[in-house]
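Peer 1: My questions all concern the structure below.
The values are calculated or read from the model by the stated rules, or taken from the named source; none is laboratory data. Everything numeric in this text was worked out from a predicted model, so none of it was measured. Virtual Cβ from ideal backbone geometry, glycine too; neighbours counted across all protein chains shown.
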Amino acid sequence: MSGPRIVRAPRGTELSTQGWQQEAALRMLQNNLDPEVAEHPEKLVVYGGTGKAARDWRSFDAMIRTLQTLKQDETMLVQSGRPVGVMQTHEWAPRVLIANSNLVGDWANWEEFRRLEALGLTMYGQMTAGSWIYIGTQGILQGTYETFAAVAAKKFGGTLAGTITLTAGLGGMGGAQPLAVTMNGGVVICIDVDPRAISRRIEHRYLDVKADSLAHAMQLATEARDKREPLSIGLLGNAAELLPQMLAEGAPIDIVTDQTSAHDPLAYLPVGIAFDEMATYAAEKPADFTLRARESMARHVEAMVGFMDAGAEVFDYGNSIRGEAQLAGYDRAFDFPGFVPAYIRPLFCEGKGPFRWAALSGEASDIHKTDKAILDLFPENESLHRWIKLAQDKVHFQGLPARICWLGYGERDKAGERFNDMVASGELAAPVVIGRDHLDCGSVASPYRETEAMLDGSDAIADWPLLNAMVNVASGASWVSIHHGGGVGMGRSLHAGQVTVADGTKLAGEKIRRVLTNDPGMGVIRHVDAGYDRADEIADERGVRIPMREG
Ligand code: NAD
């Protein structure tokens with residue numbers, strides 16, 4: 001056998017399948033594993049610790065083969081990254097239905113998951129890895145940008161200029177942090193134990209420079225801060241060591257967060273283990289590694305709390321680091337909030353979330369044309385305009401050209417229908433896929449993240465993502481997925497996703513209108529049900545029917 005397999009999605013209008021719905025699924029599965037997109041494509045790992053696109057190469061090959069022969073009235077069923085059946089359905093039905101990493105409640109823990117994974121019975125699907133709509137770091141860039149913009153609005157007069165942010169984790173998603181902070185005018189120090197993660201972010205223009213040492217990082221950071229210039233600095237090291245050291249030295253940090261893969265204790269490097277030994281140690285002594293990782297996370301979170309006590313704005317960025325630190329016995333872990341209740345929930349009440357699309361033509365010009373369509377459709381939305389312009393300037397496409405922007409109820413369907421018209425008229429070179437992150441307003445139950453501190457205490461109610469998946473199936477999405485675990489880990493979340501293909505046909509237009517209305521509609525009704533006034537206003541304003549408010 002020669003070297004590792006290289007997978008890359010075909011471009012252009014020639015189909016190797018029986019229709020664009022199947023072709024889109026095939027290309028997006030391959031695109032998730034494109035070396036430009038995936039963090040460890042040779043292991044089928046796309047992002048987020050061990051989030052995979054397919055269970056193994058045999059399953060990957062079987063999915064490609066099946067998609068190539070799948071008819072317009074057939075549906076392929078995928079069980080944790082392996083195709084397990086093809087059923088006759090109908091043209092409105094999804095072409096692919098996916099269930100990843102789901103376990104029965106009492107068994108939903110890492111130990112049992114890993115036992116089953118080792119037997120080859122399951123895989124970790126993360127959110128968009130196993131549901132084939134990961135678009136590289138840009139996917140998370142906009143959400144991260146908006147979160148830091150919200151921090152700036154809340155505490156620093158609308159800009160991060162003149163502030164220093166401290167964070168860790170420059171992986172697939174965490175790698176968006178440096179650019180998101182500099183786009184908001186700030187300075188950021190980003191710690192990672194993996195030198196490759198630092199050089200990759202510099203290569204992709206998400207990170208500006210690498211510091212030689214902690215002292216060098218602090219010097220660069222304070223100089224840029226004093227000149228109110230944006231700068232992102234990569235620093236090699238273990239966050240569990242460096243954060244306590246920086247706190248002890250009185251480092252002038254204004255904002256602290258973290259995006260190491262803390263949700264998976266086997267993906268967080270404990271203090272005292274060399275980075276080069278991490279994989280072997282985790283594989284050979286998982287229980288010992290987990291204990292040590294949690295202990296290190298407790299020291300890491302303790303330092304975050306220390307920065308908070310010293311006046312910094314501190315938040316958890318959805319990686320469960322507080323939960324893991326608490327498991328190690330640190331009792332102040334939940335003293336700082338998660339980013340959703342702190343900044344994002346008002347957007348969820350409006351059905352807003354991470355709308356994204358990718359050009360199956362492979363041509364950047366298709367994305368630029370859709371960017372313009374978005375700007376034309378929503379002329380009054382200033383932050384959207386600011387984002388699209390910044391993205392055009394700063395974002396390096398990875399794999400198939402793609403774009404993300406947060407749109408709400410009543411907006412996503414308009415954008416989707418416009419894209420479909422642009423495909424129909426030939427303005428775009430080929431169809432586009434329209435999907436989203438599972439991290440959305442009405443598609444997740446995740447008490448440490450999307451549904452943390454809900455007004456009515458319904459944080460752990462998991463009926464909502466299941467209803468979300470069902471409504472997307474019933475509305476005509478091209479593929480629909482239900483996952484467990486995702487960004488916060490085993491036992492801590494259930495979430496659903498959909499992708500719908502704009503192939504320019506009238507039928508696709510009908511499906512898009514329903515899916516892109518009903519999918520964000522779930523966000524509005526979920527938050528009405530939980531008692532949020534803003535969601536009530538949106539439901540009244542935009543005509544979302546809520547039976548319990550009628551009669
Ligand atoms: P990843 O696995 O691609 O990257 C994690 C990075 O952390 C790696 O580069 C690794 O080297 C580094 N790391 C591990 N241990 C470390 C330590 N002790 N000190 C310093 N660096 C360390 O993961 P990702 O896709 O970037 O995601 C990171 C985490 O953030 C996940 O838990 C994910 O679920 C979460 N996340 C949440 C949100 C959200 O809620 N919006 C968004 C993005 C990411």
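Peer 1: Specify the residue that is nearest to the chain's Cα centre (by Cα); the eligible residues are those in the stretch 310-333 that are on the phi > 0 side of the Ramachandran plot and buried (at least 22 other Cβ atoms within 10 Å of the Cβ). Before the answer, list the steps.
Peer 2: From the stretch 310-333, those on the phi > 0 side of the Ramachandran plot are 311, 318, 320, 329; that's our starting set.
After this cut, where a residue has to be buried (at least 22 other Cβ atoms within 10 Å of the Cβ) as well, the list is 318, 320.
On the way: Gly318: 10, Ser320: 14 Å.
It comes out as Gly318.
Peer 1: Go through Arg58, Arg5 for me and flag whichever is modelled with pLDDT under 95 and of a type in the set (D, E, K, R).
Peer 2: Answer to the check: Arg5.
Peer 1: Another one. Out of the stretch 184-203, which residues are more than 25 Å from Glu277 (Cβ to Cβ) and buried (at least 24 other Cβ atoms within 10 Å of the Cβ)?
Peer 2: Asn184, Gly186, Val187, Val188, Ile189
Peer 1: Which one of Arg436, Arg418 is crowded, with 24+ Cβ neighbours inside 10 Å and of a type in the set (Lys, Arg)?
Peer 2: Arg436
Peer 1: Name every residue in the stretch 88-102 that is assigned to a strand (DSSP E or B) and exposed (fewer than 15 other Cβ atoms within 10 Å of the Cβ), in order of residue number. Don't jump to the end; show me each part of the working.
Peer 2: Pass one, the stretch 88-102, residues assigned to a strand (DSSP E or B): 88, 96-100.
Answer for the stretch 88-102, where residues must be assigned to a strand (DSSP E or B) and exposed (fewer than 15 other Cβ atoms within 10 Å of the Cβ): just Gln88.
Peer 1: Applying the selection to the stretch 506-551, what residues are surrounded by fewer than 17 Cβ atoms within 10 Å (Cβ to Cβ) and in a loop (DSSP other than H, G, I, E, B)?
Peer 2: Within the stretch 506-551, Gly531, Gly543, Arg545, Ile546, Glu550, Gly551 qualify.
Peer 1: A follow-up question, please. Hey, can you tell me all the residues within the stretch 453-475 that are in contact with a Leu (Cβ under 8 Å, 6 or more places away or on another chain) and more than 16 Å from the ligand (Cβ to nearest atom)?
Peer 2: Answer for the stretch 453-475, where residues must be in contact with a Leu (Cβ under 8 Å, 6 or more places away or on another chain) and more than 16 Å from the ligand (Cβ to nearest atom): Ala462, Leu466, Val473.
Peer 1: In the stretch 103-126, which residue that is of a type in the set (A, V, I, L, M) and not in a helix (DSSP H, G or I) is surrounded by the most Cβ atoms within 10 Å (Cβ to Cβ)?
Peer 2: Per the criteria, the residue is Met123.
Peer 1: Taking interchain pairs and intrachain pairs at least six residues apart, which have beta carbon atoms under 8 angstrom, with the first residue in the stretch 454-466 and within 17 Å of Gly338 (Cα to Cα) and the second aromatic (Phe, Trp, Tyr) and in a loop (DSSP other than H, G, I, E, B)?
Peer 2: Matching pairs, first to second residue: Leu455/Tyr532.
Peer 1: Report yes if some residue within the stretch 299-309 is buried (at least 18 other Cβ atoms within 10 Å of the Cβ), of a type in the set (A, V, I, L, M) and not assigned by TED's automatic domain parsing to the domain that holds Val181; otherwise report no.
Peer 2: No, there is no match, as no residue in the stretch 299-309 is buried (at least 18 other Cβ atoms within 10 Å of the Cβ), of a type in the set (A, V, I, L, M) and not assigned by TED's automatic domain parsing to the domain that holds Val181.
Peer 1: Which residues, counting only those in the stretch 127-181, are closer than 30 Å to Leu77 by Cβ, of a type in the set (A, V, I, L, M, F, W, C) and assigned to a loop (DSSP other than H, G, I, E, B)?
Peer 2: Met127, Ala129, Trp132, Ile133, Ile135, Met173
Peer 1: Could you pull out the residue among Arg492, Arg526 that is in the same structural domain as Lys414 (by TED's automatic domain parsing), basic (Lys, Arg), within 21 Å of the chain's Cα centre (by Cα) and over 23 Å from Glu74 (Cβ atoms)?
Peer 2: After applying the criteria, what remains is Arg492.
Peer 1: Got at least one residue in the stretch 284-292 being of a type in the set (Gly, Ala, Ser) and within 26 Å of the chain's Cα centre (by Cα)?
Peer 2: no
Peer 1: Just the residues that are more than 16 Å from the ligand (Cβ to nearest atom) and part of a strand (DSSP E or B), please, taken from the stretch 28-87.
Peer 2: Listed by number, the residues that qualify are Glu74, Thr75, Met76, Leu77, Val78, Gln79, Arg82, Pro83, Val84, Gly85, Val86, Met87.
Peer 1: While we're here: Anything in the stretch 310-333 that is polar (S, T, N, Q) and either modelled with pLDDT of 95 or more or not assigned by TED's automatic domain parsing to the domain that holds Asp254 (or both)? List them, or say none.
Peer 2: Within the stretch 310-333, the first condition is being polar (S, T, N, Q), and the residues that meet it are 319-320, 326.
Passing the criteria: only Gln326.
Peer 1: Consider the stretch 406-415. How many of its residues are surrounded by fewer than 24 Cβ atoms within 10 Å (Cβ to Cβ) and either modelled with pLDDT under 95 or not charged (D, E, K, R) (or both)?
Peer 2: Residues that pass the stated criteria total 3.
Peer 1: Inside the stretch 531-545, can you point out the residues that are among the hydrophobic types (A, V, I, L, M, F, W, C) and either touching a Phe, Trp or Tyr at 6+ places or on another chain (Cβ under 7 Å) or more than 16 Å from Asp440 (Cα to Cα) (or both)?
Peer 2: Of the stretch 531-545, the ones among the hydrophobic types (A, V, I, L, M, F, W, C) are 535, 538-539, 544.
Ile538, Ala539, Val544, listed by residue number.
Peer 1: A follow-up question, please. Quick one: which residue in Leu214, Leu220, Leu236 is under 30 Å from Ala38 (Cβ atoms) and either touching a residue at least 12 places away in the same chain (Cβ under 8 Å) or not small (Gly, Ala, Ser) (or both)?
Peer 2: Unique residue meeting the criteria: Leu236.
Peer 1: Can you pull out every residue in the stretch 278-297 that is assigned to a helix (DSSP H, G or I) and away from the ligand (no atom under 12 Å from the Cβ)?
Peer 2: Selection gives Thr280, Tyr281, Ala283, Glu284, Pro286, Ala287, Asp288, Thr290, Leu291.
Peer 1: Let me ask another. Being closer than 25 Å to Pro270 by Cβ and either of a type in the set (D, E, K, R) or under 23 Å from the mean Cα position of the chain (by Cα) (or both): is that true of Asp376 here?
Peer 2: no
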